[in-house]
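Notes to accompany the following structure.
The values are calculated or read from the model by the stated rules, or taken from the named source; none is laboratory data. What you see is a predicted model; the values in this text were computed from it and never measured. Every residue, glycine among them, receives a Cβ derived from its backbone with ideal geometry; neighbour counts consider all protein chains shown. Keep in mind that these areas ignore ligands, DNA and RNA; they rest on the heavy atoms of the full protein, side chains included. Shrake-Rupley method; radii C 1.70, N 1.55, O 1.52, S 1.80 Å.
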Amino acid sequence: MLTAITREVSPGLARCELTHLKRRPINLKAAIRQHRAYCQCLAQLGCNLIALPAEPGLPDSVFVEDAAVVLDELAVITRPGAESRRGELAAIEEALTPFRQIERIRAPATLDGGDVLHAGSTLYVGITSRTNRQGVAQLREIVQPHGYRVKSVSVTGCLHLKSACTFVGQETLLINRGWVDEELFGGWNLLDVDPAEPAAANALLVGETIVYPTAYPRTRSLLEDHEFIVKTVDNTELAKAEGGVTCCSLILSS
Ligand code: CIR
């Protein structure tokens, strides 16, 4: 059984953090509609949804992925690199408590869940403007006793490691090698995004299906050519806030 924790789009979304994109007007109604369709898609794929209410004072709170790293054995509440996002943690911790033992990242460490790529028993962790080396070290200390290896990865040109690389099943990572050094990913098959779609590496694997943005048709075709099952969602409004498909849910087996 899969559970997906999501949070409704904040009416304050226009005040979101932006790092690599210029601020553009976001159509809030369309963002809410697209997010609902995304949640419906997760439900169709068998997820039991826990939809947390919108938080007007927390513009980026729809991006629940950044607040926690959820493994089968435990959940780690992060300490987001953007101070404006630290108020997001309490509700996420409360939602996760019935399912997992809780551990926490503590100051001066910072860690965003979007920087943690879980593939097999390895957690690759991006060093970015949001995640520092202390964040990686604390995560390692917490998860190593549970049999996970933690490897740090430098990321350039995008917000999070998972903007550059995600696990899509069949021993494969979908990757933009321009943003991350592929050398560290030995042992996995690497599938490159189409060069015309640099932001196309963020894909969400739910069971055997890849939830994937409609905005990247070329990379979608590549995935389908490789026999991946793809279900598309329109994510264009939240993409203006630098959010991708992994960012909007925390999926756990329960
Ligand atoms: C931020 O800058 O924190 C948000 N505007 C976007 C966060 C996207 N989250 C993710 O990629 N995991």
Seminar exercise, completed: Rounded to one decimal in nm, the spacing of the 7 Å Cα→Cβ label points at A196 and M1 is 4.5
For this session: With a cut-off of at most 16 other beta carbons within 10 Å, and DSSP calling the residue loop, which trypsin sites (Lys or Arg not before Pro) in the stretch 80-168 qualify? Please list them.
Result: R106
Problem set entry | Sum of -39500 (n - 2.57) over DSSP H runs of 4+, divided by residues of the chain (222 nm, nearest 500) | -6000 deg cm²/dmol
Exercise. Just how large is the dipole of the stretch 2-253 about the Cα centre, in debye to the nearest 20, putting +1 at every Lys and Arg Cβ and -1 at every Asp and Glu Cβ?
Worked result: 700
Exercise. Between the stretch 122-158 and the stretch 1-36, what's the alpha-carbon centroid distance in Å?
Worked result: 26
For this session: With a 1.4 Å probe and all protein chains in place, put R218, R79, R33 in order of accessible area, largest first.
Result: R33, R218, R79
Seminar exercise, completed: Residue span E227 to R106: 0.36 nm per residue of separation minus Cα-Cα distance leaves a gain in nm of 39.4 nm
Seminar exercise, completed: Sequence order, the stretch 73-89: Karplus ³J(HN,Hα) from phi using 6.51 cos²θ - 1.76 cosθ + 1.60, θ = phi - 60°, Hz rounded, Gly and Pro as x, gives 8, 6, 10, 10, 7, 7, 10, x, x, 8, 4, 4, 9, 6, x, 7, 6
For this session: Subtract the Cα-Cα distance of T236 and Q44 from 0.36 nm times their separation in residues, and report this length gain in nm to one decimal.
Result: 67.0 nm
Exercise. Could you work out Rg/(2.2 N^0.38 Å) for the stretch 64-123, with Rg from alpha carbons only?
Worked result: 1.06
Exercise. Say we join alpha carbon atoms closer than 10 Å with springs in a Gaussian network model of the chain; which of L238, L191, L161 then has the biggest fluctuation?
Worked result: L191
Problem set entry | P(r) histogram, all alpha-carbon pairs of the stretch 2-253 included - 10 Å bins from 0, percent | 8, 34, 41, 17, 1
Problem set entry | For the chain, built as a Gaussian network whose Cα springs stay under 10 Å, the top-fluctuating residue of E103, E227, E88 | E227
Exercise. When the Kirkwood hydrodynamic radius is evaluated over all pairs of different C-alpha atoms of the stretch 132-212, what value in angstrom, to one decimal, is obtained?
Worked result: 13.7
Exercise. Over the stretch 116-199, what is the percentage of antiparallel beta bridges among all DSSP beta bridges, to the nearest 5?
Worked result: 45
For this session: Just check the stretch 1-108 against the gyration tensor rule for me: Cα atoms, a ≥ b ≥ c as the square roots of the eigenvalues, rounded for a/c under 1.5, and otherwise prolate or oblate depending on whether a/b exceeds b/c.
Result: oblate
Problem set entry | Label-to-label distance, nm, for residues given as S254 and E83 (7 Å Cα→Cβ offset) | 3.5
For this session: Averaging sequence separations of C-alpha pairs under 8 Å and six or more residues apart, then dividing by the length of the chain, give the relative contact order as a whole percent.
Result: 23
Exercise. Hey, what do the phi angles of the stretch 168-178 turn into as Karplus ³J(HN,Hα) couplings, whole Hz, using 6.51/-1.76/1.60 and θ = phi - 60°, x for Gly and Pro?
Worked result: 10, x, 6, 6, 10, 10, 8, 9, 10, 5, x
